[in-house]
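All remarks here apply to the structure that follows.
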Ligand SMILES: Nc1ncnc2c1ncn2[C@@H]1O[C@H](COP(=O)(O)OP(=O)(O)OP(=O)(O)O)[C@@H](O)[C@H]1O
């Protein structure tokens, strides 16, 4: 059942002495209760602007947002009662207070009774593995820990919808893994609805049920993650060559392949990711490489990766600046 609806959202930034800038242009999607929904897009696509419009930090110029049925145009305060947001910079935390003081403060101002408040706080400290840090001043915590505290605080308010702008940005592999697990738990065990923006495809693959991809303010995909992985008719191959491909050969490969990009270069050679719509094109590419004298070391088929699908979709939508 739908809990959040965004319809025809438009956000325009006035530009001094220049033409106004349309950052969000007719974006529509709806999020169901209890689902984790991804908002994806390359840099500058309009993700943060969309989130800020939803949580009432920015006024929008057209369209509307409904939260639990309340139009944010007509019943903003009622809508806001159901939303909690963690934006870049974690401005929802008091940096000079300890983790426990922060949690106590926010449970207190949200009207929990002292016993309920204590119970909720203990649960969150335990769930977020913050028991050891409970008496540490937030300022002294690592970036990942601060992020966990910010998300824990967003939960003390017990609101149904949590908006997270880039929750894993800048976190190391371990902390990102831990946070992904937590997001799944929050949605499953607490029944929360999470809308998150991210560049991290692992977050999307592991946690999101559905997603929208926006590019230059416009929606280019609105689907389930599963469908996107399954229906995208693309085949991915890794080709390792002894030497780097010349731009001439790359151009010739690009006439057969949907995309070609250098994945990595190591002492062993240069590994390229090639995306094909018709797998038979691989033989033409191999023939072409052989004729040009390129030394092919191995070929390996790789699984559809959301990251490659995302990059290709955004390129197809006309944004050629994005790269892997
Ligand atoms: N206050 C503002 N005034 C003018 N332009 C703005 C303002 N805030 C954002 N923009 C522009 O709007 C566009 C969308 O920005 P937004 O931050 O929403 O994108 P994003 O998808 O979150 O990007 P990123 O992934 O880089 O954080 C960008 O081109 C940005 O420069």
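Computed from the coordinates by the stated procedures, all read-outs in this text should not be read as laboratory data. Remember, it's a predicted structure, so these values are computed and weren't measured experimentally. Reconstructed Cβ throughout: ideal geometry from the backbone, glycine too, with neighbour counts over all protein chains shown.
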Between the Cα axis of helix 99-109 and the main Cα principal axis of the chain, the angle (0 to 90°, nearest 10) is 60
Protection proxy (average C-beta count within 10 Å per residue), highest first, orders 42-49, 233-240, 207-214 as 207-214, 42-49, 233-240
Bridge orientation stat for the chain from DSSP, antiparallel percent rounded to 5, came to 70
Computed from the beta carbon distance with a Förster radius of 41 Å, FRET efficiency for residue 32 and residue 268 to the nearest 0.05 stands at 0.30
Given a Förster distance of 35 Å, the FRET efficiency implied by the Cβ-Cβ spacing of residue 242 and residue 19, rounded to the nearest 0.05, works out to 0.10
1/(1 + (r/R0)^6) with r = Cβ-Cβ of residue 1 and residue 105, R0 = 25 Å, i.e. FRET efficiency to nearest 0.05, evaluates to 0.15
Once normalised by the length of the chain, the mean sequence separation of its alpha carbon contacts under 8 Å that are 6 or more apart gives a contact order in percent of 18
A student applying the Cα gyration tensor rule (rounded when a/c is under 1.5; otherwise prolate if a/b is larger than b/c, oblate if not) would label region 233-303 oblate
Largest-first semi-axes in Å of the equivalent ellipsoid built from the Cα gyration tensor of the chain are 42, 24, 17
Assertion target for 283, 60, 270, ordered by fewest C-beta neighbours within 10 angstrom first, is 283, 270, 60
So the angle from the long Cα axis of helix 173-190 to the longest Cα principal axis of the chain, reported in degrees to the nearest 10, equals 60
In a Gaussian network model of the chain with springs linking alpha carbons closer than 10 Å, the residue among 215, 102, 268 that fluctuates most is 268
In degrees, nearest 10, the alpha-carbon axis of helix 306-316 is tilted away from the dominant principal axis of the alpha carbons of the chain by 70
